[in-house]
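First up is the structure itself, then whatever we jot down about it.
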Amino acid sequence: MKSKPCRESFVVKTSHVLPPDTNNFGTLFGGKLMAHIDDVAAIAAVRHARNPVVTASTDSVDFLAPVNLGHSICLEAFVTWTRQTSMEVFVKAVTEDLLSGERKVCTTAFLTFVAVDDDGRLVEVPEVYPETEMEKKLHANAPIRADQRKERRKQSKEFAEEFGTAFPWDRA
């Protein structure tokens, strides 16, 4: 399987922030932004794998700046690192006041996807290689993020086992 550069998975999506997308403060719903993030990240992962993908994890999403009604939201995503069947995808979201031209990064996030076949079985993905300085930095630090995800997943499984499926009032 031939390795691919990060740029081959690059995705850009720009949307206008309209009233149905906003909360009572006139800013974009956090969940709506997270849906945009998952969407562009999945497209980047499919472009890299050329197979269907499923989201395995989303690292923390910190909202750094509000996305106001009437502004735009532009998301960029690309695959930064791969393992045998998984891909780490970096997403940057920038909000723009379309009248003034002022732009702010409103969030960054890392998501992990796994490639699957039509029956949902894991399939191998090509290796990815960085070319730009930014890609090289993200690629070099990816193993640290992967270890953090592995530990977080272990803790999530422990919580799931401890709390189970019963409602709180049924646990007595």
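Where a number appears in this text, it was derived from the coordinates with a stated rule and is not lab data. Bear in mind the structure is a predicted one, so any value in this text is a computation, not a measurement. Reconstructed Cβ throughout: ideal geometry from the backbone, glycine too, with neighbour counts over all protein chains shown.
The fraction of Cα-Cα pairs per 5 angstrom bin, counted from 0 for the stretch 1-79, comes to 3, 15, 22, 21, 15, 12, 7, 3, 1, 0 percent, rounded to whole percents. Note on the stretch 43-85: the alpha carbon radius of gyration divided by the globular reference 2.2 N^0.38 Å gives 1.54.
For the stretch 41-172, the number of Lys pairs with C-alpha atoms closer than 21 Å, counting only pairs eight or more positions apart or on separate chains, is 4.
Expressed in units of 2.2 N^0.38 Å, where N is the residue count, the Cα radius of gyration of the chain is 1.16. Here the dipole of the chain is about 280 debye; that uses its Cα centre as origin and unit charges on the Cβ of Lys and Arg (positive) and Asp and Glu (negative). When you filter the trypsin sites (Lys or Arg not before Pro) in the stretch 73-145 for DSSP loop state and at most 16 other Cβ atoms inside 10 Å of their Cβ, you are left with Arg83, Arg121.
Note on Ser3 and Asp119: the model spin-label points, each 7 Å out from Cα along the C-beta direction, lie 3.2 nm apart. Note on Lys2: aspartates and glutamates with a C-alpha under 13 Å away, same-chain residues under 8 apart excluded, are Glu124, Glu127. Per-residue ellipticity at 222 nm, computed for the chain from helices alone with -39500 (n - 2.57) per DSSP H run of at least four residues, works out to -10500 deg cm²/dmol.
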